[in-house]
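Only one structure is covered here, and it is reproduced in the block below.
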């Protein structure tokens, strides 16, 4: 087991896809294509938050000085907040090239959206599903650092400090039950708009690259920054267990996953 690191450590957490399963009439939106087929939660972890902020700020200043890019309608939004889904291809390329230079690692939990499982396991509550994914995401991480700042991207009523602290306490309990070891650390939790924290914009891009692979079968964005991912867990792909844990030894490829539910 790894020794505890004393230095301050930073985690930045975001999601991709949506936690919606049904419309107001109870129709299955996943099946008819009205909502995303997967929902994922992930983080980047780093000791160099300021370095990430500096590089992202420099990139934004570079874009502001580019007269060609400034004529693109969506650029005003990008200058406030980089967001992979909404950024134009020219900006997206620049952000990915910036990300490739940064010092961090990414871990992601992918949840296939099964309406029956959603009702049974999470009582039909998106907040419960999100909390479960956060607890699984951090189950084997929190004991590694004695001093942690945790930044979550805002998400309506689902991401609240109390909810996230409860999920992280569940992660500690999972670790204790598994290893018989109880650990404690100093941990601060912040709920932020991505526009306020550069690293939340970075994790958005890292999630989008994986989401793009799942929804479009397109691996090129993921491949460009593959070395930044240390773990991707397709947590409900039980047919592939234990090979649904994608690491350096079992590299992620969309061709390896079980087919998603027909849409």
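Write down the Kirkwood hydrodynamic radius of the chain, to one decimal in angstroms, obtained as one divided by the mean of 1/r over all alpha carbon pairs.
Computed over Cα pairs of the chain, the Kirkwood hydrodynamic radius comes out at 19.3 Å.
May I ask you to compute the full-extension gain from residue 193 to residue 243, defined as 0.36 nm times their residue separation minus their alpha-carbon distance, rounded to one decimal in nm?
Full-extension gain reported as 14.5 nm.
Could you list log10 I(q)/I(0) for the stretch 100-216 at q = 0.09, 0.19, 0.23 Å⁻¹, which the Debye formula gives when each Cα is one point scatterer?
Values, matching the q order: -0.28, -1.25, -1.53.
Treat each spin label as a single point 7 Å out from the Cα along the C-beta direction, and report the residue 22 to residue 224 distance in nm.
Distance between label points: 4.0 nm.
Would you mind checking the radius of gyration and Dmax of the stretch 174-238 based on alpha-carbon positions, in Å?
Answer for the stretch 174-238, Rg first and Dmax second: 16.3, 42 Å.
Need one number: nm distance between label points at residue 68 and residue 53, each 7 Å from Cα along Cα→Cβ, rounded to one decimal.
3.2 nm
What nm distance separates the two modelled labels at residue 125 and residue 184, each placed 7 Å from Cα along Cα→Cβ?
The two pseudo-label positions are separated by 2.8 nm.
Would you please give the FRET efficiency between residue 253 and residue 61, computed as 1/(1 + (r/R0)^6) with r the Cβ-Cβ distance and R0 = 45 Å, to the nearest 0.05?
0.80
May I ask you to list the residues of the stretch 62-100 whose amide nitrogen lies under 20 Å from a point 7 Å from Cα along the Cα→beta-carbon direction of residue 154?
Of the residues in the stretch 62-100, 76-87 have backbone N under 20 Å from the label point off residue 154.
Bear in mind that the values in this text are calculations on the coordinates, not laboratory data. Since this is a predicted model, take the numbers as computed values, not measurements. Ideal geometry is used to build each Cβ from the backbone, glycine not excepted, and the neighbour counts take in all protein chains shown.
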